[in-house]
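Asker: Submitted below is the structure of interest, expressed as structure tokens.
The values are calculated or read from the model by the stated rules, or taken from the named source; none is laboratory data. Nothing here was measured: the structure is a model prediction, and the numbers come from that model. Here the Cβ positions follow ideal geometry from the backbone for every residue, glycine too, while neighbour counts run over all protein chains shown. To get the accessible areas, we keep the full protein, side chains included, count just its heavy atoms, and leave off ligands, DNA and RNA. Shrake-Rupley method; radii C 1.70, N 1.55, O 1.52, S 1.80 Å.
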Amino acid sequence: MRLPFFVYGTLRPGEHNHALFLRGRTGSEEPGLLRGAVLYEGPGYPYAVADEDGGTVTGEIVTARPEAYDRLLTVLDRLEEYVPGDPRSLYERVQREVTAADGRTVRAWVYLAAPAVAARLRTRGKLIGSGDWRARR
């Protein structure tokens with residue numbers, strides 16, 4: 001299924017991985033919110049963690065150009081150290097509903113912290129209370 005991506009860290013426009021991996025491969029980019037998740041500091045990048053208490057993460061909804069989609073999916077999985085079924089993965093790529101700035105709901109791929117990583121972050125991670133990785137600076 002060819003879904004857009006919800007990005008909230010180094011893949012956001014203006015960040016270094018956006019320039020390396022997304023520039024020229026996207027058809028559209030728009031602000032969005034992921035509800036039901038919180039953000040934690042990582043080593044130079046953030047982790048979104050599912051949160052039943054209703055947190056919100058700020059980011060962008062990025063739609064890949066059709067001709068770039070398959071390659072981009074492979075590249076982003078590698079960047080996020082996501083391998084389906086591998087317990088050593090840092091992230092899991094999951095489908096989530098995100099809200100665009102105009103109020104539309106969009107189904108998108110989101111990289112959430114893998115279960116083992118999420119458990120560590122919940123016990124001893126540094127929460128980014130605003131839910132916006134850029135605002136922490």
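Asker: What nm value, rounded to one decimal, do you get for the distance between Glu30 and Val83 when each label is placed 7 Å out toward the C-beta?
Answerer: 3.7
Asker: Treating only the Cβ of Lys, Arg, Asp and Glu as charged (+1, +1, -1, -1), what charge dipole size does segment 9-69 show about its Cα centre? Round to the nearest 20 debye.
Answerer: Approximately 320 debye in magnitude.
Asker: Restrict the search to segment 2-59; then list the trypsin sites (Lys or Arg not before Pro) that DSSP places in a loop and that have at most 11 other Cβ atoms within 10 Å of their Cβ. Please list the in-between numbers first.
Answerer: Working: sites: Arg2, Arg23, Arg25, Arg35; in loops: Arg2, Arg23, Arg25.
Sparse-neighbourhood loop trypsin sites (Lys or Arg not before Pro): Arg2, Arg23.
Asker: If all Cα-Cα distances of the chain are sorted into 10 Å bins from 0 onward, what percent lands in each bin, rounded to whole numbers?
Answerer: For the chain, the pair-distance distribution reads 13, 46, 35, 6, 0.
Asker: Further question: Nearest 10 degrees, 0 to 90: what angle lies between the long axis of helix 69-79 and the longest principal axis of the chain (Cα atoms)?
Answerer: Approximately 30 degrees, to the nearest 10.
Asker: Something else now. At 1.4 Å probe size, with the rest of the protein present, what percent of the exposed accessible area of the chain is carbon and sulfur atoms?
Answerer: Answer for the chain is 51 percent, counting heavy atoms of protein chains only.
Asker: Between Arg136 and Arg71, what is the spin-label point distance in nm, taking each point 7 Å from the Cα along the Cα→C-beta axis?
Answerer: Roughly 3.2 nm, to one decimal.
Asker: For the chain, what proportion of DSSP beta bridges, expressed in % and rounded to the nearest 5, is antiparallel?
Answerer: 90
Asker: Helix 115-124 versus the longest principal axis of the chain: what is the Cα-based angle in degrees, 0 to 90, to the nearest 10?
Answerer: 50
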